[in-house]
Amino acid sequence: NGHNGNSRGALIVLEGLDRSGKTSQSSRLLPYLEGLGLSVELWRFPDRNTYVGEMISSYLANKSQLDDRTIHLLFSANRWEKRSLMETKLRSGTTLIVDRYSYSGVAFSSAKGLDIEWCKVKTCLSCYKHEISFVQAPEMGLLAPDLVVYLDIPPEKAAERGGYGGERYEQLEFQRKVAEHYKILHDTTWKGHCVDAPLEHATGRPDTVDGLIPSHPACYTIKVFPPFF
Ligand code: TMP
């Protein structure tokens, strides 16, 4: 209950390929949660309204070139620059629905095939407790989500939906690789973490995913996975 002043809000993350329906789902989830009496805000990463966000936006529009590691760190920096506001909001009882977060950071950068010193996701996630990859390291210390919902859509189906907008990563071949890396994250993220508990604690509703569109004509399955950091 976000209104009694004692409970914090929940951090709910939506992840998926480009054109997987995150925007539709967030705009559906927002009124659903508001209907439960919660104070809710929609956020998204990258947040293009900051200086770092402008650099990211220009890179995505192919208007600038950046080294793969540089853009990886800019995406992460873009989350860091919003961290304290995020914490303030959550502590004041506002639930945040966030369109993309660290999982996008890891899945997209590792799909680019950064060299092994930077991209040891397979190795590192399979032995998560012992080793953190360089791709994940910049994410450590960001706020862990209460719930991460992955909208699992075949890359071909996503590509069919109204076409891609022409940004750098919106290509079928690349999206296939991203899907593989999301799958690795999903299959290897620390198991045994109870995703419902913190959400229930925060909102009193363990079944918040009910607010999503379960059988949206887009033929995806909704998977829920826990934070890796
Ligand atoms: P958007 O279309 O959701 O605004 O995201 C822009 C692109 O940036 C999208 O192709 C996913 C990608 N991305 C990353 O590569 N790393 C990240 O950390 C984030 C948040 C997005």
Notebook entry, point to check: Hey, among the residues in segment 45-60 that are near the ligand (Cβ under 10 Å from one of its atoms) and touching a Lys or Arg at 6+ places or on another chain (Cβ under 8 Å), which one's farthest from Tyr164 (Cα to Cα)?
Noted result: Asp47
Item checked: Entirely in segment 70-146, the helices (runs of 4 or more DSSP H) that have 1 or more residues that are aromatic (Phe, Trp, Tyr) and modelled with pLDDT of 80 or more -> 102-111
Check: What are the residues in segment 6-39 that are surrounded by 21 or more Cβ atoms within 10 Å (Cβ to Cβ) and assigned to a strand (DSSP E or B), if any?
Finding: Leu11, Ile12, Val13, Leu14, Glu15, Gly16
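Just to verify a result, which residue in segment 131-186, among those that are hydroxyl-bearing (Ser, Thr, Tyr) and touching a Lys or Arg at 6+ places or on another chain (Cβ under 7 Å), is surrounded by the fewest Cβ atoms within 10 Å (Cβ to Cβ)?
Looking at residues that are hydroxyl-bearing (Ser, Thr, Tyr) and touching a Lys or Arg at 6+ places or on another chain (Cβ under 7 Å), I get Tyr164.
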Next item on the list: Please work out which residue is farthest from Glu15 (Cα to Cα), limiting yourself to segment 160-193 and to residues that are modelled with pLDDT of 90 or more and of a type in the set (A, V, I, L, M).
Entry: Leu172
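Please work out which residue is nearest to the chain's Cα centre (by Cα), limiting yourself to segment 22-43 and to residues that are within 12 Å of the ligand (Cβ to nearest atom) and in contact (Cβ under 8 Å) with a residue 60 or more places away in the chain.
Filtering segment 22-43 down to residues within 12 Å of the ligand (Cβ to nearest atom) leaves 22-23, 26, 43.
When the remaining residues are screened for being in contact (Cβ under 8 Å) with a residue 60 or more places away in the chain, the result is 22-23, 26.
On the way: Lys22: 10, Thr23: 12, Ser26: 12 Å.
Ranking the qualifying residues of segment 22-43, first place goes to Lys22.
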Checklist line | Residue, nearest to Lys112 (Cα to Cα), within segment 152-171, restricted to residues that are within 14 Å of the ligand (Cβ to nearest atom) and over 20 Å from the mean Cα position of the chain (by Cα) | finding: Gly166
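Being within 17 Å of the chain's Cα centre (by Cα) and either near the ligand (Cβ under 10 Å from one of its atoms) or crowded, with 17+ Cβ neighbours inside 10 Å (or both) is the filter here, so list the residues in segment 78-89 that pass it.
Within segment 78-89, Asn78, Arg79, Lys82, Met86 qualify.
Kindly provide the set of residues from segment 44-91 that are touching a strand residue (DSSP E or B) at 6+ places or on another chain (Cβ under 8 Å) and touching a residue at least 40 places away in the same chain (Cβ under 8 Å), ordered by number. Quick ask: steps written out before the conclusion?
In the first step, residues of segment 44-91 are kept if they are touching a strand residue (DSSP E or B) at 6+ places or on another chain (Cβ under 8 Å); the result is 44-45, 82, 86, 89-90.
Once the filter is applied, which keeps residues that are touching a strand residue (DSSP E or B) at 6+ places or on another chain (Cβ under 8 Å) and touching a residue at least 40 places away in the same chain (Cβ under 8 Å), segment 44-91 yields Arg44, Phe45, Met86, Lys89, Leu90.
The values are calculated or read from the model by the stated rules, or taken from the named source; none is laboratory data. Predicted model, so just to flag it, every value in this text is computed and none were measured. FYI the Cβ positions are ideal-geometry reconstructions off the backbone, even for glycines, and counts take in every protein chain you see.
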